[in-house]
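A short reminder: the numbers here are calculations on the coordinates, not readings from a lab. Here the structure is a predicted model, which is why all the values come from computation and not from measurement. Cβ placement follows ideal geometry from the backbone for every residue including glycine, while neighbour counts extend to all protein chains displayed.
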Amino acid sequence: MQDIRLVNLSYSYPSKRGADLSIFNNLSLQIEAGDFVVILGESGCGKTTLLELIAGLIPPPPGSIYTAGKEVIGPDPERIMIFQQARLLPWLSVRENIAYGCKLRGDTQNLMERTAQLISLMELDDFAEERPHKLSVGMAQRVSIARGIIGNPHLLLLDEPYTSLDIYNRRRLQREIAKLWSELGFTAVFVTHDIDEALVLGRRIVVLGGRPAEILAEFEPEEEPPRSSTKENLISLRREIEDVFDRRYREEKIP
């Protein structure tokens, strides 16, 4: 497990209009080891950028990012990121794609059995030897999720991984990722713009918004994930989250 500390994090994109576009300005956030935190915010507020910074995929910006007490200066196999698009290797089969990272790291103990278990979990048994071009978008994303969790990462970063899935597989995989988190004990940071998804999965929900983005509110549902977002107490919590976004919208409209 890895904890995460963001300390006075700032980040900007170059803008064609001249001045840089500020995404974060002195953003600080603490995530405890073994927690399941959902970063909830509207599209374009910097959620994906935040994950990429934690993963070490973007050069370190002003401020500091620490995982497991060490400053993030680049990628690390103990920090795994699952993207919105599957990004599979087209020349490898489903089975080979899932096992690929483990083979590169030399993590081959019981690899065939572990791969087979995840293929079954993702309901891909009939497609295990197929190449990615034979898969639907949802199937390809299930392969990507399996590839991400097969190495039992200490930190799993998930960038809206269920966006391309139908509602059946979305709900099933929400339950499965929560089950795997509970069993394996990794730290999870999951970003989404879907309030219901945040209510189902987040042990802690961090609402992000504004430009530059800031933490608007934090919520901690009482029950452990996964939950049903239709429960009465979560319906009430949903209204609270909606109120946070409504207040932000009204503030932005005030001249």
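Normalised by 2.2 N^0.38 Å, where N is the number of residues, the C-alpha radius of gyration of the stretch 37-108 stands at 1.33. Taking 7 Å steps out from each Cα toward its Cβ at HIS193 and GLU96 produces label points 3.7 nm apart. Note on GLU242/GLU220: beta-carbon distance plugged into 1/(1 + (r/R0)^6) with R0 of 25 Å gives a FRET efficiency of 0.90. Measuring from a point 7 Å past the Cα of SER136 along Cα-to-C-beta, which residues in the stretch 144-185 have an amide N at less than 14 Å? Output list for this probe position: 163-173.
Label-to-label distance for TYR168 and GLU42 is 3.5 nm, based on points extended 7 Å past Cα in the beta-carbon direction.
For the stretch 110-255, the Cα-based Rg and Dmax, in that order, read 17.6, 62 Å.
Site pair ILE58 and GLU71 shows an inter-label distance of 1.9 nm when each label is modelled 7 Å from Cα along Cα→Cβ. Note on ARG142, ARG5: ascending count of other Cβ atoms within 10 Å places them as ARG5, ARG142, the fewest first.
The helix-based estimate of mean residue ellipticity at 222 nm for the chain, built from -39,500 (n - 2.57) per DSSP H run of four or more residues and divided by its residue count, is -11500 deg cm²/dmol to the nearest 500.
Relative contact order, whole percent, for the stretch 86-152 stands at 53, derived from Cα pairs under 8 Å and 6 or more residues apart. Computed extension gain for ARG87 through ASN233, at 0.36 nm per residue and net of the alpha carbon distance, reaches 48.8 nm.
One chain, two ends: ARG204 and SER12. Fully extended at 0.36 nm per residue, the span grows by 66.4 nm beyond their Cα-Cα distance. What's the center-to-center distance, using Cα atoms, between the stretch 130-156 and the stretch 1-65 in Å? For the stretch 130-156 versus the stretch 1-65, the Cα centre distance is 25 Å. Compared with the alpha-carbon gap, the fully stretched path from ASN26 to GLU129 is longer by 32.3 nm at 0.36 nm per residue. With Cα atoms as the point set, the stretch 78-154 shows a radius of gyration and Dmax of 11.3, 32 Å. Measuring spread by the Cα atoms of the stretch 58-186 yields a radius of gyration and Dmax of 15.1, 48 Å. For the chain, averaging the sequence separation of C-alpha pairs within contact (under 8 Å, six or more residues apart) and dividing by the residue count gives a relative contact order of 25 percent. Among the chymotrypsin sites (Phe, Trp or Tyr not before Pro) in the stretch 24-106, those placed in a DSSP loop whose Cβ has at most 11 other Cβ atoms within 10 Å are TRP91. Counting only whole DSSP H helices of the chain, there are none at least 30 Å long by C-alpha along their axis and with mean Kyte-Doolittle hydropathy no lower than 0.5. Sites listed here are GluC sites (Glu not before Pro) in the stretch 98-162 whose DSSP assignment is loop and whose Cβ has at most 16 other Cβ atoms within 10 Å: GLU123, GLU129, GLU130.
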